[in-house]
Amino acid sequence: MADFFEVVRSQRACRSFRDEDVPDELVERLLEAATYAPSAENRQPWVFVVVRDPGTRARIAELIRRAWAGGARAHEERRLQPAFFADVDRGAKSGIGSAPVLIVVCGDTSDTAERTLPSSIFPATQNLLLAATAVGLGSALTTLVTVFSQELAAELALPEHVKPVAVVPVGWPARPLGPPRRKPFAEKTHRDRYGRGW
C-alpha cells in the first residue's frame, strides 16, 4: 500500500484507459474507502451505481459527449492551455466512455436536504479517487453528465429521491500519468487574515 501523502501527491485525472477489466474486489475497496468519508450529520447519503454493462456505459458516454459538444467544449477551449484542453477533449469525446467501470455517485435526498448533498458526496468521491490511485487504477471526476441528470437518472432507474451528482470512470491507465502540476500551498495560504502570506 502506498504512503498516504505520496498518493495525494500523485492522484490526478485519468481520461484514457486500457481495455482490461477491473476485478470486483478492487472496485469494492474503492467503494469502502468512499464510505469512510465524513458526511453532514453522519447521514451517509451517498449511493453508488457501478456500471459495467457496455450498452449503459455507451449511453452515459453519449450524454457526456452531448454535454461537451453542447457548450462545455467551447467554454473550456477559451480557458485551458492547449495541451490540457486536448486531453480533456479526448476524454470527453471517447476516453471516459472507454473505462471498463463507470461509478455514478449519487445523493439520497430522502433523509438529507438536497442543498447539503455536495458537502457529503464530494468527500466520498475524493476518497474513491484517492483509493483508486493507491491501488494503481486511473480515475477522474466529472460532473459534465449532470447537465442531463434526468436522462442519466432514467438510464439507471434511479428513484426520484436519488440524484446523480458525478461520474467517476475507473480503469487501468492507458499511459503513465505523471505527477499533477500544483502551485505551492503557500501561494494560496494566508495567516489570520487574507493578504498575510504564509
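So the values come out like this:
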| quantity | calculated |
| --- | --- |
| Residue count for region 180-198, restricted to those that are under 22 Å from the mean Cα position of the chain (by Cα) and surrounded by fewer than 10 Cβ atoms within 10 Å (Cβ to Cβ) | 2 |
| Number of positions in region 1-48 that are aliphatic (A, V, I, L, M) and touching a Ser or Thr at 6+ places or on another chain (Cβ under 9 Å) | 8 |
| Counted residues, region 146-168 - those being among the hydrophobic types (A, V, I, L, M, F, W, C), part of a helix (DSSP H, G or I) and free of Cβ contacts under 8 Å to residues at least 12 places away in the same chain | 2 |
| Some residue of region 177-189 being assigned to a strand (DSSP E or B) and touching a residue at least 12 places away in the same chain (Cβ under 8 Å) | no |
| Region 94-132: number of residues that are surrounded by fewer than 21 Cβ atoms within 10 Å (Cβ to Cβ) and either within 22 Å of Val22 (Cβ to Cβ) or among the aliphatic types (A, V, I, L, M) (or both) | 7 |
| Residue, modelled with the highest pLDDT, within region 1-48, restricted to residues that are loosely packed, with under 15 Cβ neighbours inside 10 Å and among the polar types (S, T, N, Q) | Thr35 |
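Residues are listed down the side, and each one gets a yes or a no for (1) of a type in the set (S, T, N, Q); (2) free of Cβ contacts under 8 Å to residues at least 24 places away in the same chain:
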{"position": "Ala33", "(1), (2)": "no, no"}
{"position": "Ser39", "(1), (2)": "yes, no"}
{"position": "Arg43", "(1), (2)": "no, no"}
{"position": "Val47", "(1), (2)": "no, no"}
{"position": "Pro54", "(1), (2)": "no, yes"}
{"position": "Ile60", "(1), (2)": "no, no"}
{"position": "Leu63", "(1), (2)": "no, no"}
{"position": "Gly71", "(1), (2)": "no, yes"}
{"position": "Glu77", "(1), (2)": "no, yes"}
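This table checks each residue for (1) in contact with a Gly (Cβ under 8 Å, 6 or more places away or on another chain); (2) of a type outside the set (Ser, Thr, Tyr); (3) within 23 Å of Leu129 (Cβ to Cβ).
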{"position": "Arg57", "(1), (2), (3)": "yes, yes, yes"}
{"position": "Ala72", "(1), (2), (3)": "no, yes, yes"}
{"position": "Arg78", "(1), (2), (3)": "no, yes, no"}
{"position": "Gly97", "(1), (2), (3)": "no, yes, yes"}
{"position": "Leu117", "(1), (2), (3)": "yes, yes, yes"}
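The values are calculated or read from the model by the stated rules, or taken from the named source; none is laboratory data. Bear in mind the structure is a predicted one, so any value in this text is a computation, not a measurement. Note that each Cβ is placed from the backbone with ideal geometry, even for glycine, and that neighbours are counted across all protein chains shown.
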